Amino acid sequence: MGGGQFWTPITPVRGSKLHAETHRRLLAIVRDDEVCRRLMTTPGVGPVVALTYRATVDVPARFRKSKSVGAVFGLTCAKYQSGESERSGRISRCGDEMMRVMLYEAAQAMLHSKRWSWLKAWAMKIARHRGMKKAIVALARRLAVIMHRIWIDGTEFQWTREAAVA
């Protein structure tokens, strides 16, 4: 590289015309996609997270159980086994890193929002006992499972536990 050449960023800079155009296109895609609109009923999940989830999972039927989605994104504990001893470690971090980061961001946004739901109450209970960072990771995994169930069932997020059970 010569001294006069500069590196140009691939992602558009906030506030630029290119950023605004990219944002408009993203919103148009999400607005036209029925699955993304349903995924966005989940607290903390916006257009970027919904579209990333839809693109990453692609075919929801490949997961027999919704619980296995968390493992694909590396949000489950790594197991260490030797002889008779067995212990759970940190999250495995296997799978799609971008989706894991998006789910973490969505979980963090949900915990810092003012609106209350049964899911936020569940995460706050974990935060009291285990700490906020572990609660955010647990909530990110649970969001992945809930979003998969929403996609499969064709339902929307239920804000109260009574409506979710019924």
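Key figures
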| read-out | value |
| --- | --- |
| Among the residues listed as 52, 42, the single one being modelled with pLDDT of 90 or more, in a loop (DSSP other than H, G, I, E, B) and within 11 Å of the chain's Cα centre (by Cα) | 42 |
| Number of the exception - residue 118 against (1) at pLDDT below 90; (2) of a type in the set (Phe, Trp, Tyr); (3) in contact with a Lys or Arg (Cβ under 6 Å, 6 or more places away or on another chain); (4) surrounded by 13 or more Cβ atoms within 10 Å (Cβ to Cβ) | (1) |
| From the options 87, 93, residue that is over 20 Å from residue 52 (Cβ atoms), free of Cβ contacts under 8 Å to residues at least 60 places away in the same chain and not acidic (Asp, Glu) | 87 |
| Any hit, region 129-136, residues being under 30 Å from residue 61 (Cα atoms), in a helix (DSSP H, G or I) and of a type in the set (D, E, K, R) | yes |
| Residue in region 76-96 that is surrounded by 14 or more Cβ atoms within 10 Å (Cβ to Cβ), modelled with pLDDT of 80 or more, touching a helix residue (DSSP H, G or I) at 6+ places or on another chain (Cβ under 9 Å) and aliphatic (A, V, I, L, M) present | no |
| Residue list for region 115-131, filter: in contact (Cβ under 8 Å) with a residue 24 or more places away in the chain and among the aliphatic types (A, V, I, L, M) | 119 |
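The values are calculated or read from the model by the stated rules, or taken from the named source; none is laboratory data. Since this is a predicted model, take the numbers as computed values, not measurements. Using ideal geometry, Cβ is built from the backbone for each residue, glycine included, and neighbour counts are taken over all protein chains shown.
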